[in-house]
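What follows is a set of notes on a single structure, which appears directly below.
The values are calculated or read from the model by the stated rules, or taken from the named source; none is laboratory data. Just so we're clear, the structure is a prediction, and the values are computed from it rather than from any experiment. For neighbour counting, all protein chains shown are included, and Cβ atoms are generated from backbone atoms with ideal geometry for every residue, glycine included. All accessible areas refer to the heavy atoms of the entire protein, side chains included, with ligands and DNA or RNA removed. Shrake-Rupley method; radii C 1.70, N 1.55, O 1.52, S 1.80 Å.
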Amino acid sequence: MIKTHFSHVRHWVFDLDHTLYPPAANLFGQIETKMTHYVMDVLGVDAAEADQLRASYWRQYGTTLAGLMREHHIDPDPYLIAVHDISMAPLDPAPDLATQIAALPGHKIVYTNGSAPYARRVLEARGLSGLFDDVFGVEHANYHPKPERAAFDMVFARAGVDPARAAMFEDDPRNLAAPHDLGMRTVHVADTAAPAPHIHYHTDDLTGFLAQLTA
């Protein structure tokens, strides 16, 4: 049974985007538009070049922000405020997911490459506020993004996460490599599986997966 493979877990780490809400909500469509406009304004490039830079920095550095900081030395805080100024209207409450998260034993956190204020808005819209012991954004890792090992080390140290007794739920397979190396159970949450040695489990139904752990 899957449940036995998580019986030791007392630290539960959840990514936010496309993990605690479905990709169909398309919040990232809004965010990517904001990112492109921000790159246009800051670098003085046209929309096509800004969009290309946005995507290439995400692939190379883990986040567009990391690329902009590395290549152009931008101030991260105004960027995080601007790109996360989006509507939460596409999100629906998730009472069944809330029930399963509440039933998990131990310490529960959200860790996102977005900002913590943005994450709290998403949690509120999903009816998940108050279920987590803390919420961590990229700012809590000194703006180092997942999948960098240093980012995980900083956030887990701040959160008091014991990787030997922890599990990570995440939609981006890249971001599960470091948790696996640290000794965590890793769960890939996505519509399509991405088999890899650092992924223990895949699910396209987070609520149903957690129900197996809390039954």
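For every residue, the table says whether it meets (1) part of a helix (DSSP H, G or I); (2) under 16 Å from ARG10 (Cα atoms); (3) not small (Gly, Ala, Ser).
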residue: PHE156; (1), (2), (3): yes, yes, yes
residue: ALA167; (1), (2), (3): no, yes, no
residue: ALA177; (1), (2), (3): yes, no, no
residue: GLY208; (1), (2), (3): yes, no, no
residue: LEU213; (1), (2), (3): yes, yes, yes
**Study point:** Sole residue being open to solvent by 40 Å² or more (accessible area, probe 1.4 Å), within 21 Å of THR99 (Cα to Cα) and in contact (Cβ under 8 Å) with a residue 12 or more places away in the chain, chosen from ALA167, ALA215
**Key:** ALA215
Revision key, fill the gap. When the range 69-103 is checked residue by residue, the ones that are crowded, with 19+ Cβ neighbours inside 10 Å and either out of contact with any Lys or Arg (no Cβ under 9 Å at 6 or more places or on another chain) or at pLDDT below 95 (or both) are MET69, TYR79, LEU80, GLN100
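Among the residues of the range 107-118, are any in contact with a Lys or Arg (Cβ under 7 Å, 6 or more places away or on another chain), outside any helix (DSSP H, G or I), surrounded by fewer than 19 Cβ atoms within 10 Å (Cβ to Cβ) and not basic (Lys, Arg)?
Among the residues of the range 107-118, not one is in contact with a Lys or Arg (Cβ under 7 Å, 6 or more places away or on another chain), outside any helix (DSSP H, G or I), surrounded by fewer than 19 Cβ atoms within 10 Å (Cβ to Cβ) and not basic (Lys, Arg), which makes the answer no.
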Review point. Is it true that some residue in the range 137-146 is of a type in the set (Lys, Arg) and open to solvent by 50 Å² or more (accessible area, probe 1.4 Å)?
Key: no
Revision key, fill the gap. The residue that is most open to solvent (accessible area, probe 1.4 Å), considering only those in the range 12-62 that are in contact (Cβ under 8 Å) with a residue 60 or more places away in the chain and touching a Lys or Arg at 6+ places or on another chain (Cβ under 9 Å), is TYR61
Check your understanding: When you look at ALA66, is it free of Cβ contacts under 8 Å to residues at least 60 places away in the same chain and either open to solvent by 10 Å² or more (accessible area, probe 1.4 Å) or within 24 Å of ILE109 (Cβ to Cβ) (or both), yes or no?
Key -> no
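Looking at GLY130, GLY106, which is the one that is free of Cβ contacts under 8 Å to residues at least 40 places away in the same chain, out of contact with any Ser or Thr (no Cβ under 8 Å at 6 or more places or on another chain) and either more than 21 Å from ASP171 (Cβ to Cβ) or among the charged types (D, E, K, R) (or both)?
It is GLY130.
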Check your understanding: Just to be sure, is ASP153 open to solvent by 40 Å² or more (accessible area, probe 1.4 Å) and touching a strand residue (DSSP E or B) at 6+ places or on another chain (Cβ under 6 Å)?
Key -> no
Study note, to complete from the structure: Condition set surrounded by 19 or more Cβ atoms within 10 Å (Cβ to Cβ), assigned to a helix (DSSP H, G or I) and not β-branched (Val, Ile, Thr), scope the range 122-136, selection nearest to the chain's Cα centre (by Cα): answer is LEU123
